[in-house]
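Worksheet: one structure, shown below.
The values are calculated or read from the model by the stated rules, or taken from the named source; none is laboratory data. If you're wondering where the values come from, they're calculated on a predicted model, not measured in any experiment. So basically every Cβ, Gly included, is an ideal-geometry build from the backbone, and we count neighbours across all protein chains shown. Remember, those area values only see protein heavy atoms, side chains included, never the ligands or the DNA or RNA. Shrake-Rupley method; radii C 1.70, N 1.55, O 1.52, S 1.80 Å.
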Amino acid sequence: MHLPQQQLGLRIGTMVTEFTATARAHSNIAFIKYWGNRDSGIRLPANSSLSMNLAALHSTTRVTWSEALAEDRLMINEEPAAPAAFLRVRAHLDTLRAELGSTLRADVSSNNNFPMGAGIASSASAFAALTVAATAALGMGLSARELSALARRGSGSAARSIPAGFVEWRAGSADKESYAESIASPDYWPLEDVIAVISRDHKHVGSTAGHAAADTSILQRVRVETAADRLERAKHAILARDFEGLAPVVEEDSNLMHAVMMTSKPSLFYWLPKSLRIMLAVQEWRRQGVKVCYTLDAGPNVHCICGAEDAAAVAARLKELDSDIEVIRSSVGGGAQLLNASDRSD
């Protein structure tokens, strides 16, 4: 993809090439997990995955491409980004520049309304929003499939934050073949994610390092080989609105991913004692007739997936379990959206 020369314009009076766009994307919670890559360079995943976007959790990102900039700049939540975050965003901007045929540098400002780096997929929403804003600012009318494949290059799970609702990320066998698409709209099934936030601390080992270590576990091969079967079971349950069918496969897949983490070299233990306490409680609540199951991403916080009718009760039970638990509730969310862009007719 290359930027047509006629789409580059000069701002009258300043004679500086500068284009801006702002986008918003939601976090997502994976029912069938992404863990490990066949090609880490382009984040080609080891297996396909399945997720649900979260309406209440989002990143809003503004990108300004400007010839006045000598280097890229990044602000996160109104503060200069840490070096590691800046380098990761700059690498993604380099990918976008190469794909779009631009040499402009970017001023990026991103804000999240939920904890970062704590296993609630902040990189998914952030890189999805960054990709939509950056490409729109340069006047590129890309399809959702193209945007998903590009977002994946910055953060694998960002591919799933581009489409709306319930989303399947197809692993594919090449760069352009690895993208996500909706399997059901946000209003198809009224589920909620009641998140038990045990810790807002940034995790000690990031997901990128964890993905790289996945193949050192003797369990990863089996997890990957059996992932397609779990995905089909979960997908069938979603399309049938069958919570009893969905719950056990969601918990099984989460446990398998964490088993891989725990048996990697070096071992990764994201669970905290309180995480396990909640997981056991959730299984007991389900035996009592509550529509709820658990899943954890790469962090200690527990996502309690519920039928909407049981979400308030689950939130209350979590607080009864431990009053220090912070509870965040979210219904099913939409896809990434462009909020505004500068007038390309200047």
Remind me, relative contact order of region 199-337 in percent, using alpha carbon pairs under 8 angstrom and six or more residues apart? 21
Of the accessible area of the chain, with the probe set at 1.4 angstrom, what percent is carbon plus sulfur? 54
Rg and Dmax of region 134-182 over Cα atoms: what are they, in angstrom? 10.3, 30
According to the square roots a ≥ b ≥ c of the eigenvalues of the Cα gyration tensor, what is the shape class of region 156-200, taking rounded for a/c under 1.5, prolate for a/b larger than b/c otherwise, and oblate for the remainder? oblate
Plugging the Cβ-Cβ distance of HIS236 and SER323 into 1/(1 + (r/R0)^6) at R0 = 41 Å yields, to the nearest 0.05, a FRET efficiency of 0.60
More than 15 angstrom separation, counting every C-alpha pair in region 132-223; what % is that? 72
Region 53-200: C-alpha gyration tensor shape, a/c 1.5 cut-off, then a/b vs b/c: oblate
Could you state the accessible area per residue of region 222-319 in Å², with a 1.4 Å probe and every protein chain left in place? 41
Compute, for the chain, the length of the dipole vector about the Cα centre, with Cβ point charges of +1 (Lys, Arg) and -1 (Asp, Glu) only. Units Debye, rounded to 20. 400
If the cut-off is 23 Å between C-alpha atoms, which lysines fall inside it for LYS274, apart from same-chain ones fewer than 8 positions away? LYS33, LYS203, LYS291, LYS319
Obtain the nm distance between the two label points defined at LEU338 and GLU78 by a simple spin-label model: each point lies 7 Å from its Cα along the Cα-to-C-beta direction. 2.9
Rounded to whole Hz and in sequence order, give me ³J(HN,Hα) for region 44-60 from the Karplus expression 6.51 cos²θ - 1.76 cosθ + 1.60, θ = phi - 60°, writing x for Gly and Pro. 8, x, 6, 8, 6, 9, 9, 8, 10, 6, 10, 4, 7, 10, 8, 10, 10
Starting from the Cα coordinates of region 286-332, work out the convex hull volume and express it per residue in Å³. 85
Can you tell me the order of 76-82, 182-188 when each peptide is scored by its average per-residue count of other Cβ atoms within 10 angstrom, highest first? 182-188, 76-82
Span-rule helices in the chain, defined as complete DSSP H runs reaching 20 Å or more along the axis (Cα) with Kyte mean at least 0.0: 83-100, 122-137, 243-262
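What FRET efficiency do you get for ASP94 and ALA56 if R0 is 25 Å and r is their Cβ-Cβ distance, rounded to the nearest 0.05?
0.20
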I'd like the FRET efficiency for LEU276 and LYS176, computed as 1/(1 + (r/R0)^6) with the beta carbon distance as r and R0 of 45 Å, rounded to 0.05. 0.65
Percent of Cα-Cα pairs more than 20 Å apart in region 54-136, please. 27
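Under 25 °C and 0.890 mPa s, how fast does the chain diffuse according to Stokes-Einstein, given a Kirkwood radius computed over C-alpha pairs? Answer in µm²/s, whole number.
D, rounded to a whole number, is 120 µm²/s.
How would region 220-346 be classified by its alpha-carbon gyration tensor: rounded, prolate or oblate, with rounded meaning a/c under 1.5 and the a/b versus b/c comparison settling the rest?
The shape class here is rounded.
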Amide H to amide H, which residues 5 or more places from GLY101 or on other chains are under 5 Å from it, using H placed in the peptide plane? LEU3
Helix-derived mean residue ellipticity, 222 nm - over the chain, DSSP H n ≥ 4, -39500 (n - 2.57), to 500: -11000 deg cm²/dmol
Karplus couplings for region 28-37 from phi (6.51 cos²θ - 1.76 cosθ + 1.60, θ = phi - 60°), rounded to Hz, Gly and Pro as x? 9, 10, 7, 7, 10, 7, 9, 8, x, 10
With every protein chain left in place, what is the accessible area per residue of region 23-103 in square angstrom, probe 1.4 Å? 38
